[in-house]
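The values are calculated or read from the model by the stated rules, or taken from the named source; none is laboratory data. Predicted model only: the values in this text are computed from it and were never measured. Every residue, glycine among them, receives a Cβ derived from its backbone with ideal geometry; neighbour counts consider all protein chains shown.
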Amino acid sequence: MIPILENTDLQDFCLAFNVQGRKNWEEKPSLCPLCGHDKMGAVELLGVKIGPFFWECEKCFSRFLRYSYSKTKRMLTKAEDLWYDLEKLDTIWLELPN
Ligand SMILES: [Zn+2]
C-alpha cells in the first residue's frame, strides 16, 4: 500500500490512474485530447474533493487533470487519511472503501 503522502512526485499516482501528462483542463474538454472522442466524463476522488477531480474519455478511458499538477499534488497531500493500494487498483471495486 502506498500512502499518498509518501508518493511525493505524483508520477506513480498518475500512472496508476491513467492520467495523461501534466496539462490541466479547468473545464471539461469537449473532445478527448488523446483520441478525439466527443464523450468525456468526470471522475470524483472521494475524500479529496467534491466534484470532478479528473476528466475521463468514455472511449479510451484516458484521464486528464482538472487542476494544475502542483494543485493536484497539494490536494492529495492534504488527504492524509487516504491511501490507495496501487497494486490492487484493478480489483479495487471488489473491496470495501477505506
Ligand atoms: Zn480518448
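Here is how the numbers come out for the structure above:
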{"item": "Condition broken by Thr72, with the remaining ones in (1) surrounded by 13 or more Cβ atoms within 10 Å (Cβ to Cβ); (2) modelled with pLDDT under 80 satisfied", "result": "(2)"}
{"item": "Selection from the stretch 34-51 of residues that are part of a loop (DSSP other than H, G, I, E, B), free of Cβ contacts under 8 Å to residues at least 40 places away in the same chain, surrounded by fewer than 18 Cβ atoms within 10 Å (Cβ to Cβ) and more than 8 Å from the ligand (Cβ to nearest atom)", "result": "Asp38, Lys39, Glu44, Gly47, Val48, Lys49, Ile50, Gly51"}
{"item": "From Asp90, Asp81, residue being surrounded by fewer than 12 Cβ atoms within 10 Å (Cβ to Cβ), within 14 Å of Ala16 (Cα to Cα) and modelled with pLDDT under 80", "result": "Asp90"}
{"item": "Subset of the stretch 52-69 that is more than 13 Å from the ligand (Cβ to nearest atom) and outside any strand (DSSP E or B) - its residue that is modelled with the lowest pLDDT", "result": "Tyr69"}
